[in-house]
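My questions all concern the structure below.
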Amino acid sequence: MPIEANGKVYETDEEGYLADLNDWNPDLAAAMAKADGADLDENHWEVINFLREYYEEYQIAPAVRVLTKAIGKKLGPDKGNSKYLYELFPYGPAKQACKYAGLPKPTGCV
């Protein structure tokens, strides 16, 4: 099921994750969020950018527990907790945020 952003069509898998990670760009992330009925603010971008950096370093998308712990280390305990992350990404912080970040589905996510 492809998604369109800025007049260009991007291929995704059946769950909406990008087929080619190199296609990712911020406009595409915003289009994915809009398709889910969400708008991305600076708090969303903070998590999305964190995930992209994490993936670049470890070559894996973190599961929610690892994500929560890593966010807490980098951004502080007020942001490194499940309640905060689920408020931003109600369909699952790891799953939904990784999708918007153009990353593969995290291991351990159903």
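Would you pick out the residues in segment 6-42 that are among the hydroxyl-bearing types (Ser, Thr, Tyr) and farther than 12 Å from Gln96 by Cα?
Let us first name the residues in segment 6-42 that are among the hydroxyl-bearing types (Ser, Thr, Tyr), namely 10, 12, 17.
Once the filter is applied, which keeps residues that are among the hydroxyl-bearing types (Ser, Thr, Tyr) and farther than 12 Å from Gln96 by Cα, segment 6-42 yields Tyr10, Thr12.
Are there helices (runs of 4 or more DSSP H) fully within segment 14-110 with at least 3 residues that are open to solvent by 70 Å² or more (accessible area, probe 1.4 Å)? List them. If you could, list the steps in order and put the result at the bottom.
Details: elements: 26-35, 42-58, 64-75, 82-88, 93-100.
So the answer is 26-35, 42-58, 64-75, 82-88.
Considering each residue of segment 4-34, count those that are touching a residue at least 40 places away in the same chain (Cβ under 8 Å) and hydroxyl-bearing (Ser, Thr, Tyr), and give that number.
Summing the residues that are touching a residue at least 40 places away in the same chain (Cβ under 8 Å) and hydroxyl-bearing (Ser, Thr, Tyr) in segment 4-34 gives 1.
Take the residues in segment 2-11 that are at pLDDT below 95 and in contact with a strand residue (DSSP E or B) (Cβ under 6 Å, 6 or more places away or on another chain); name whichever of them is farthest from Phe89 (Cα to Cα).
Pro2
The values are calculated or read from the model by the stated rules, or taken from the named source; none is laboratory data. Keep in mind that this is a model prediction, so the values were computed, not measured. Cβ: placed from backbone, ideal geometry, glycine included. Neighbour counts: every protein chain shown. Each accessible area value is taken on the protein alone, full model and side chains, heavy atoms only, with ligands, DNA and RNA left out. Shrake-Rupley method; radii C 1.70, N 1.55, O 1.52, S 1.80 Å.
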